[in-house]
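Encoded as C-alpha cells, the structure appears first; notes follow it.
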Amino acid sequence: MAYLAAYDVHHARVLGRCEPTTGIVPFMNLVTQVMTSEPYASAKRVFWIVDNGSSHRGKAAIDRLAKAFPNAVMVHTPVHASWTNQIEIFFSVLQRKVVAPNDFTDLDQIRNQLRAFEDRYNATAQPFQWKFTTSDLDDLLTRLDRHTLDRQEESSAAPAT
C-alpha cells in the first residue's frame, strides 16, 4: 500500500489517498482528486511542486499533467532537495508519529491511522508565515561575502611556517 498526498501551503491542508502501489496512475489519481475539487478546479494556476520520483519525473510528466489539467503547472525540486518540499516535511512527521514503530496488524489498520492523522493535522495546522524576506537574504549574502573575504585576507596574511 502507498500513501500519496498533496499539500496546500496557503491553507496548511493535506489531501491524501491510499493506493495499492505507486506509479503514474496512482499519482494521477491524486492529481485528479485535488484538481477536480475547489478551489483548485477553478484556480487560474495550481503549482505542483514535486521531487523527481519516477511517477512524475521529466517532460513527459509535465506534459501529462498539463494535458489533463491545463491550469496545473508542474515544478520539479532540484535532485536531492526534496526536503525543501512542504509535503516531504509532512511525510517526515507522518513517519515519526504514525508509521514507526511498524506494529500494524493489517493494511486497514495502517490506512485508518494515516487518514486519522491527516484529519487531525488538517484540523490543527496553520499556514507557515515566512518572515525571511528578500531583503533579509540580501543582507545575509552580503555578510557571508564579507566574512569570506575577511577569512581569505587572514589566510593570505598568515606567515608561512
Q: Please find, within the stretch 3-36, the residue that is least open to solvent (accessible area, probe 1.4 Å) out of those that are among the polar types (S, T, N, Q), part of a loop (DSSP other than H, G, I, E, B) and touching a residue at least 12 places away in the same chain (Cβ under 8 Å).
A: 21
**Q.** Every residue from the stretch 68-91 that is assigned to a helix (DSSP H, G or I), exposed (fewer than 13 other Cβ atoms within 10 Å of the Cβ) and within 12 Å of the chain's Cα centre (by Cα)
**A.** 83, 84
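Residue-by-condition table, conditions (1) at pLDDT below 95; (2) out of contact with any Leu (no Cβ under 6 Å at 6 or more places or on another chain); (3) within 21 Å of residue 19 (Cβ to Cβ):
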{"site": "49", "(1), (2), (3)": "yes, yes, yes"}
{"site": "65", "(1), (2), (3)": "no, yes, yes"}
{"site": "74", "(1), (2), (3)": "no, no, yes"}
{"site": "83", "(1), (2), (3)": "yes, yes, no"}
{"site": "104", "(1), (2), (3)": "yes, yes, yes"}
{"site": "108", "(1), (2), (3)": "yes, yes, yes"}
{"site": "113", "(1), (2), (3)": "yes, yes, yes"}
{"site": "119", "(1), (2), (3)": "no, yes, yes"}
{"site": "128", "(1), (2), (3)": "yes, yes, no"}
Q) Among the numbered criteria (1) closer than 17 Å to residue 31 by Cβ; (2) open to solvent by 80 Å² or more (accessible area, probe 1.4 Å), which single criterion is violated by residue 65? A) (2)
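The values are calculated or read from the model by the stated rules, or taken from the named source; none is laboratory data. Quick caveat: nothing in here was measured; it's all calculated off a predicted structure. Methodologically, a virtual Cβ is constructed for each residue, glycine included, from the backbone with ideal geometry; neighbour enumeration extends over all protein chains shown. Side chains included, ligands, DNA and RNA excluded: accessible areas come from the protein's heavy atoms. Shrake-Rupley method; radii C 1.70, N 1.55, O 1.52, S 1.80 Å.
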